[in-house]
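Working notes, beginning with the structure itself.
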Amino acid sequence: MGSKFKNPYPKKILSLLCLSTLALLIFYHSFVPNKATLQNKPLFYVSKTRPSSHPTNAAAVDGILVCDRTEYRSDICHMRGVVRARPPNSVTVHSTERRHEAVRPYTRKWETSIMSKITQLNLASGPDVDPQPCDVHHHVPALFFSAGGYTGNTFHEFNDGIVPLYISARAFNRRVVLVVLNYRAWWESKYRDVLARLTDHRIIDFERDARAHCFPEAFVGLRIHGDLTIDPSKAPETNASIADFRALLDEAYKPTIHSALPRAPRPKLVIFSREGSRAITNEEALVRMSESIGFDVERLAPKPTTTLKSMYKVLSACDAAVGVHGAAMTHFFFMRPGAVFVQIVPVGILGPARACFAGATEAAGLKYVEYVVEAEESSLYAEYGRDAEVVREPGKVNARGWEETKRVYLDGQNVTLDLARFRGTLEAAFENSERRRREESIAS
């Protein structure tokens, strides 16, 4: 039976209404991502859409707070909407959903002792978490991280901070504000040239800046792929690699040298010189032997006041570098691809030495060479005797924990190289340097 109800709208108008409604639905689902969609996106995804309202209009924008705690080395949180950051440790976002998260934004979350020294950020979302206006309004995202922990040690400065910061900030193409906890003025001064390639904005010392800041988006914590490692497969949005990081260092420091360094007539060898623990006690003889093989030799003993620009100037011009395992060897990042990196490994630290530098230097395009010290070349041999446990069974000592490893093998050991044995390593490095120079001359 047909309905007696008479449709007051012509078919053409109904069709237009249906099409308009469909278009609105498509637009909504395409450009207004729902919570599930946002939670499934990588936490360092740079949003294509931004809240349309000014950050002070809290009721106009519904925000999100999501965290990824699945990684072993760091926790990452993402906040989007009306994000308010109030020193010394509060970050909130206006949202209909109430959530609270506590994060220490440092990349060694498994080390409870050092993490206890990292400032904890208290993140919260809700409709009334922070109704007060902000003092400063930013129109680019914030990236929160800590410059505390082991900062002060070059290896950790790069491993725990600068490399993860590069991984995390690269996607923003400098359109990001770096908000630093456990800030150190000397750290910003030391890495100023690198930081200037990661952001166009002034860095915020969060705990000492008394002002409240508003952001349309915030990321808390840094991504880290491994020891001095950048894995492009883990950063698909940027496809970053160690080669890209090396290029950024060139961009930061090469212009400061003013002109290309003239090529030395002979291959150049840099010897990382140490005082105190892990020193080469017969370094003078090592220099003489290196020169007799054909190298021009420069000794490098960086101090806390040594600038990265000066380190870059020396290492970017060398053909090979030699040094006992230590934090200063992290400056391999300044060496040109194809150069030889010789790591002298004292007794008892083969595992840590390889973990720190073997894979990282090869990924950077260097030729990694490992010289493992024999017992007779270690000062432990003379101190404890041939049959002592620390000499013959370092695995047992290391099993007692890192503090014991550090005390015995890192802080309590020097090496006296068997130069007859080490000569073969240096001769191979020299031959590699000569061959690479010939290839570069042909290519140019």
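The values are calculated or read from the model by the stated rules, or taken from the named source; none is laboratory data. Only a predicted model underlies this, so the values are computations on that prediction, with no experimental measurement involved. Please note: Cβ atoms are built from the backbone with ideal geometry, for glycine as well, and neighbour counts cover all protein chains shown.
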Discussion item. For CYS356, only one of the following conditions fails: (1) under 25 Å from ALA243 (Cα atoms); (2) in contact with a strand residue (DSSP E or B) (Cβ under 8 Å, 6 or more places away or on another chain); (3) touching a residue at least 12 places away in the same chain (Cβ under 8 Å); (4) in a helix (DSSP H, G or I). What is its number?
Written reply: (2)
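Yes or no, residue by residue, for (1) in a strand (DSSP E or B); (2) surrounded by fewer than 17 Cβ atoms within 10 Å (Cβ to Cβ):
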{"position": "TYR150", "(1), (2)": "no, no"}
{"position": "PHE155", "(1), (2)": "no, no"}
{"position": "PHE158", "(1), (2)": "no, no"}
{"position": "VAL163", "(1), (2)": "no, no"}
{"position": "LEU178", "(1), (2)": "yes, no"}
{"position": "SER189", "(1), (2)": "no, yes"}
{"position": "GLU207", "(1), (2)": "no, yes"}
Item to complete: Could you list all residues from the range 116-140 that are touching a Phe, Trp or Tyr at 6+ places or on another chain (Cβ under 7 Å) and either free of Cβ contacts under 8 Å to residues at least 12 places away in the same chain or surrounded by 23 or more Cβ atoms within 10 Å (Cβ to Cβ) (or both)?
Response: LEU121
Worksheet entry | Sole residue being touching a helix residue (DSSP H, G or I) at 6+ places or on another chain (Cβ under 9 Å) and of a type in the set (D, E, K, R), chosen from ARG278, ARG288 | ARG278
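Here is a yes/no grid of residues against (1) in the same structural domain as ASP160 (by TED's automatic domain parsing); (2) over 25 Å from ALA171 (Cα atoms); (3) in contact with a Ser or Thr (Cβ under 6 Å, 6 or more places away or on another chain):
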| site | (1), (2), (3) |
| --- | --- |
| VAL93 | yes, no, yes |
| THR96 | yes, yes, no |
| HIS100 | yes, yes, no |
| TYR106 | yes, no, yes |
| SER116 | yes, yes, no |
| THR119 | yes, yes, no |
| VAL129 | yes, yes, yes |
| HIS137 | yes, no, no |
Worksheet item: Mind checking whether some residue in the range 145-163 is out of contact with any Pro (no Cβ under 9 Å at 6 or more places or on another chain), within 21 Å of ASP209 (Cβ to Cβ) and either outside the structural domain of TYR191 (by TED's automatic domain parsing) or hydrophobic (A, V, I, L, M, F, W, C) (or both)?
Response: yes
Discussion item. One residue is enough: does the range 416-424 have a residue meeting the conditions surrounded by 14 or more Cβ atoms within 10 Å (Cβ to Cβ), β-branched (Val, Ile, Thr), at pLDDT 95 or above and under 22 Å from the mean Cα position of the chain (by Cα)?
Written reply: no
Discussion item. Would you confirm whether or not the range 241-261 contains a residue that is assigned to a loop (DSSP other than H, G, I, E, B) and either within 30 Å of LEU419 (Cα to Cα) or among the β-branched types (Val, Ile, Thr) (or both)?
Written reply: no
Discussion item. Would you confirm, using the coordinates I've provided, whether ALA339 is more than 25 Å from GLY276 (Cβ to Cβ) and without any contact (Cβ under 8 Å) to a residue 40 or more places away in the chain?
Written reply: no
Worksheet entry | Pair list, Cβ under 7 Å, 6 or more apart: the range 260-280 residue within 18 Å of MET335 (Cβ to Cβ) and modelled with pLDDT of 95 or more, other residue part of a loop (DSSP other than H, G, I, E, B) and among the aromatic types (Phe, Trp, Tyr) | PRO267/PHE295; LYS268/PHE295; LEU269/PHE295
Fill in: From the options THR405, THR361, residue that is out of contact with any strand residue (DSSP E or B) (no Cβ under 9 Å at 6 or more places or on another chain), crowded, with 16+ Cβ neighbours inside 10 Å and either assigned to a helix (DSSP H, G or I) or not assigned by TED's automatic domain parsing to the domain that holds ALA339 (or both)
THR405
Worksheet item: Before we move on, is ARG223 basic (Lys, Arg), surrounded by 16 or more Cβ atoms within 10 Å (Cβ to Cβ), in the same structural domain as ALA124 (by TED's automatic domain parsing) and modelled with pLDDT of 90 or more?
Response: yes
Fill in: strands (runs of 3 or more DSSP E) enclosed by the range 267-331 - at least 3 residues per element that are surrounded by fewer than 20 Cβ atoms within 10 Å (Cβ to Cβ)
296-300
